[in-house]
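**Q** Pasting a structure here, questions to come.
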Amino acid sequence: AMRSPEWRGGVGRIWEAERGAPPEVRAALAPWLNVIRGMNSGGLRLYPGSPAIAAKLMRRQDTLRLCELHPESRTALQDAIGRDKRVKMEERDGYEALPAYLPPPERRGLVLVDPPFEEGTSARKLDFERMARVARKSVKRWPQGTYIFWRPIKDVEAVQDFDGELATILIEEGGVAPDKLMVADLWVRKVGEGPLSAAGVVIANPPFGVADHRGRGGPRPLR
């Protein structure tokens with residue numbers, strides 16, 4: 001937190017403002033905030049990454065597969081998750097591994113593609129290209145699956161190009177219905193006014209009820 005104080009403008013603001021939020025907002029945030037509260041006592045000190053959040057939200061019958069390519073990061077991830085038999089972890093490139101996991105034995109599930117998006121235009125471009133490639137391979141194997149693709153918004157035109165390409169892949173090659181594609185973005189400032197001004201997700205085959213949250217700033221259809 002001391003090294004990168006961006007959290008103050010993100011989870012820090014929500015942590016402080018949550019008690020005064022409207023009931024529907026508090027209800028929507030509750031699962032996520034409960035995970036964070038479970039890791040903190042006496043103030044906000046720790047923030048979980050997406051694998052820890054997913055693990056905490058699992059039901060007894062659920063399973064979770066995690067891929068981490070870098071050995072040191074995988075060790076840290078293993079320490080954070082602990083000895084949960086429902087979680088299987090591999091030291092493997094997630095882009096390469098994902099199609100092999102599909103469809104899951106349960107025939108139901110959610111795929112979260114959460115790239116690192118390293119600093120630099122070329123690195124971000126590579127992650128966009130990798131997400132498009134893995135989407136093409138995956139949706140052919142499991143078109144009914146729920147997919148969430150996370151991307152930062154540092155270059156609006158690049159994000160729009162990616163969203164358009166992704167929509168084409170999912171609709172034309174995966175047979176996903178256009179009304180089953182959604183995007184939800186969060187903007188905290190204009191692009192260029194900070195390290196990360198906005199970010200969001202593209203959702204394919206969103207779970208039942210997600211579309212009902214289309215209020216101000218909520219998910220919108222991706223055309």
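The values are calculated or read from the model by the stated rules, or taken from the named source; none is laboratory data. The structure displayed is predicted, hence computed values, not measured ones. Positions of Cβ are generated from backbone atoms using ideal geometry, with glycine treated the same way; all protein chains shown enter the neighbour counts. Heads up: the accessible areas ignore ligands, DNA and RNA and are worked out on the full protein's heavy atoms, side chains in. Shrake-Rupley method; radii C 1.70, N 1.55, O 1.52, S 1.80 Å.
**Q** The range 1-67: D in µm²/s via Stokes-Einstein (Kirkwood Rh, Cα pairs, 20 °C, 1.002 mPa s)?
**A** D, rounded to a whole number, is 160 µm²/s.
**Q** Separate question: Diagonalise the Cα gyration tensor of the range 107-189 and give the resulting equivalent ellipsoid semi-axes, square root of 5 times each eigenvalue, largest first, whole Å.
**A** Largest first, the range 107-189 gives 22, 14, 12 Å.
**Q** Which of the GluC sites (Glu not before Pro) across the range 143-214 are loop residues per DSSP, with 13 or fewer other Cβ within 10 Å?
**A** Here the GluC sites (Glu not before Pro) that fit, given the DSSP loop and packing criteria, are Glu193.
**Q** Return one quarter of the surface area of the convex hull spanned by the alpha-carbon atoms of the range 33-152, equal to its mean projected area, in nm².
**A** Approximately 8.6 nm², given one-decimal rounding.
**Q** Between Ala17 and Trp32, what is 0.36 nm times their sequence separation minus the Cα-Cα distance? Round to one decimal in nm.
**A** Net length gain for the segment: 3.9 nm.
**Q** Within a Cβ distance under 12 Å of Gly120, other residues only, what is the Lys/Arg minus Asp/Glu net charge?
**A** Result for the local shell: -1.
**Q** With every protein chain kept in place and ligands, DNA and RNA left out, what is the accessible area per residue of the range 1-128? Probe 1.4 Å, answer in Å².
**A** Here the per-residue accessible area is 71 Å².
**Q** Can you order the peptides 62-75, 140-153 by their average number of other Cβ atoms within 10 Å per residue, highest first? Working shown, then result.
**A** Working: 62-75: 14.5, 140-153: 18.6.
In descending order of packing, they fall as 140-153, 62-75.
**Q** Quantify, in whole percent, the carbon and sulfur part of the accessible surface of the chain (1.4 Å probe; protein heavy atoms only).
**A** Heavy-atom surface of the chain belonging to carbon and sulfur, 1.4 Å probe: 52 percent.
**Q** Stick to the Cα atoms of the chain, pair each with every other, and give me the Kirkwood hydrodynamic radius in Å at one decimal.
**A** On the way: mean 1/r = 0.0528 Å⁻¹.
Final number for the Kirkwood radius of the chain is 18.9 Å.
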